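Everything on this sheet refers to the single structure shown next.
Every number here is computed from the coordinates shown, using simple stated rules; none is lab data. Here the structure is a predicted model, which is why all the values come from computation and not from measurement. Quick reminder, even Gly has a Cβ in these numbers, built from the backbone with ideal geometry, and neighbours come from all protein chains shown.
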Amino acid sequence: MNLFKRLWKRLTSPAPVARRHVCEEDYNPIALTHRFLQPPPMPCDHPSGEGLHVRDEPLTIDTPASGDALTFKVTLWSSWCAQPKEDLSADDLRAEINTSRQKAQGIVDDLVRTQGRRFEAYLPAEAEAAMEEALSVEFLAPVHDCDNVVVKCSVRVRVALCEEVLPHQREVSIDLMKSHGELRKTSAQVVLMSGQRDLWVNFLEQSATNWRGRYAVQLAENPRNVAEAIKISETERHERVEQFIQLANNVANNHRSTNLYDYVISSESALRTALERLGVPVPELTSTRPWDRP
């Protein structure tokens, strides 16, 4: 019966209020100097069983972008670490975190709004990087540090497009994707055509060095009547030889009908006259022909 009464009293009695210490206003000047001049504390690396660690639920807010006409959709994750300097219960540490949370929320809101207004509403990645950097610097030091407890906070942020900007940015991204695809396709076609051009140039150069090249290509395309193709190639070759001989005879006959020596002499006289008028010294004219000299 007594056990039942104690159990009933425990269930119906109000929950105890967590005791929270009151920080003294007057700090030791030496301790205060050490606290401000020491290097910034590192991010929390305490084991999970040491002190109290709390991770808040994600918080999504809308913060204005540049011009305040559009917004960013910002999601925040906050992690807390309370390390006692004296014997404090978990409820006491949780009360310290709850009190520090109000202060941190105001800091986070101010930083997010300030950084968000630096960027256009279609630049969430740049805004996210700026917010991350500003929050990391701001929360490098403890949110609360006194003689009894140290409370640290780390905040992660993710920035996304708002509903008004998302459809327009999706269209832009699709257009850019198509344009980049066309560019890659054109680049591949140019590389293919360049390779084919080089192969054909090499092929034609090799064919030009051998008079049989044209007939070899014909046989490669249609490997039939090989004997007939050989006969045609030999016949055309003889015809071209005869044409060349005829052309050489015509040139020789023209040279015989023209007095080349008189032509050279008249050309030399005209050249000497032109050089003398230009003031260029010329050698003495001699009637001795080079082939008559001893």
Computed E for H238/L192 - FRET, C-beta separation, R0 35 angstrom, nearest 0.05: 0.25
Residue-count net charge about A134 - beta-carbon cut-off 14 Å; Lys, Arg +1, Asp, Glu -1: -3
Packing-based exposure ordering (other Cβ within 10 Å, fewest first) of W200, W77: W200, W77
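For L247 and L219, calculate 0.36 nm times their separation in residues minus their Cα-Cα distance, and state this gained length in nm to one decimal.
Gain in length upon complete extension: 6.9 nm.
Order the peptides 101-107, 218-224, 126-132 from the highest to the lowest mean number of other Cβ atoms within 10 Å of their residues.
The peptides rank, most packed first, as 126-132, 101-107, 218-224.
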Label-point separation, T99 to V172 (7 Å along Cα→Cβ), nm: 4.7
Inter-site label distance for L183 and E133 at 7 Å from Cα along Cβ, in nm: 2.6
